[in-house]
1. Which condition from (1) closer than 18 Å to residue 188 by Cα; (2) more than 22 Å from the chain's Cα centre (by Cα); (3) assigned to a loop (DSSP other than H, G, I, E, B) is the one that residue 288 breaks?
2. For residue 255, are the conditions met, namely being at pLDDT 95 or above, over 28 Å from residue 304 (Cα atoms), in contact with a helix residue (DSSP H, G or I) (Cβ under 6 Å, 6 or more places away or on another chain) and not in a helix (DSSP H, G or I)?
3. Just to check your reading of the model, which residue among 108, 18, 59 is in contact with a strand residue (DSSP E or B) (Cβ under 8 Å, 6 or more places away or on another chain) and either assigned by TED's automatic domain parsing to the domain that holds residue 190 or not in a loop (DSSP other than H, G, I, E, B) (or both)?
4. Please work out if residue 234 is surrounded by fewer than 16 Cβ atoms within 10 Å (Cβ to Cβ) and without any contact (Cβ under 8 Å) to a residue 60 or more places away in the chain.
5. Looking only at residues that are touching a residue at least 60 places away in the same chain (Cβ under 8 Å) and part of a helix (DSSP H, G or I) in the stretch 148-178, which one is surrounded by the fewest Cβ atoms within 10 Å (Cβ to Cβ)?
């Protein structure tokens, strides 16, 4: 008598999922985005949390609750960094030891957290204390995939590659490493948040690793600016200005390598010029970018003054 076929991989929770909480960040999500969230997560997670950085319609709240999410935040936009910090605190309170992060745009497969959990266990078995493990980035149609520079001088663990930093969306954060590294910088608000945190984690012995066996398409900005062999995401002005401000401020932080600071010193002016050109050389845009660079030098951080309401 032939043996029955094996069950599909999604039929039962992968090992380790019961110690993982999912954390989603929301900002003005559409009905379609909220409806798709449940299908992006596997069964068997310790908890599901969603942090609202904007007011949500009662129907959206009800749909999230039906999908098993505990909703955090009152709709006030506190920035992505503070949202991530509150998701981490909620995951820790739920008894999880890792936090799987997604944003509302991420077209993630439900198998992703299980795969990243297995990669995390491989690193821990080698005596390492990883801060975060993430999938290989792919470009969604019309968008530029983020690039994660390799961490020089650090050995790869099999196929797992050490990188300087990772985007939080689609990544698995180790909560013990998070506690030792400290929270994401709430005064950065939205841009360069992951970059600064990952460099800080590396300085404390907690690495960032990329798993090329799994991928996640990224939708950063509203398209891509291309010129002179350079590609950068097309962002709203307040996002570009905040990125520029935070990147300039980061030059004073001791845990960012000198090589990175020197490279940014050359690259940031080029990015600002390409953004200005893409805006049609509008003087107001140049003024906003110059003001952002000045704010970074002076340490004037916090929510951007032109944050959309």
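The values are calculated or read from the model by the stated rules, or taken from the named source; none is laboratory data. Given the structure is predicted, the values throughout are model-derived calculations rather than measurements. Here the Cβ is made from the backbone with ideal geometry for all residues, glycine too, and neighbour counts use every protein chain on show.
1. The single condition residue 288 does not satisfy is (3).
2. Values: at pLDDT 95 or above: yes; over 28 Å from residue 304 (Cα atoms): no; in contact with a helix residue (DSSP H, G or I) (Cβ under 6 Å, 6 or more places away or on another chain): yes; not in a helix (DSSP H, G or I): yes.
Spelling it out, it is not the case that residue 255 is at pLDDT 95 or above, over 28 Å from residue 304 (Cα atoms), in contact with a helix residue (DSSP H, G or I) (Cβ under 6 Å, 6 or more places away or on another chain) and not in a helix (DSSP H, G or I).
3. 108
4. So residue 234 does not fit the description; no.
5. Per the stated criteria, the residue is 176.
Here is a yes/no grid of residues against (1) assigned by TED's automatic domain parsing to the domain that holds residue 113; (2) in contact with a strand residue (DSSP E or B) (Cβ under 8 Å, 6 or more places away or on another chain):
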{"site": "195", "(1), (2)": "yes, no"}
{"site": "252", "(1), (2)": "no, no"}
{"site": "262", "(1), (2)": "no, no"}
{"site": "270", "(1), (2)": "no, yes"}
{"site": "274", "(1), (2)": "no, yes"}
{"site": "278", "(1), (2)": "no, yes"}
{"site": "282", "(1), (2)": "no, no"}
{"site": "292", "(1), (2)": "no, no"}
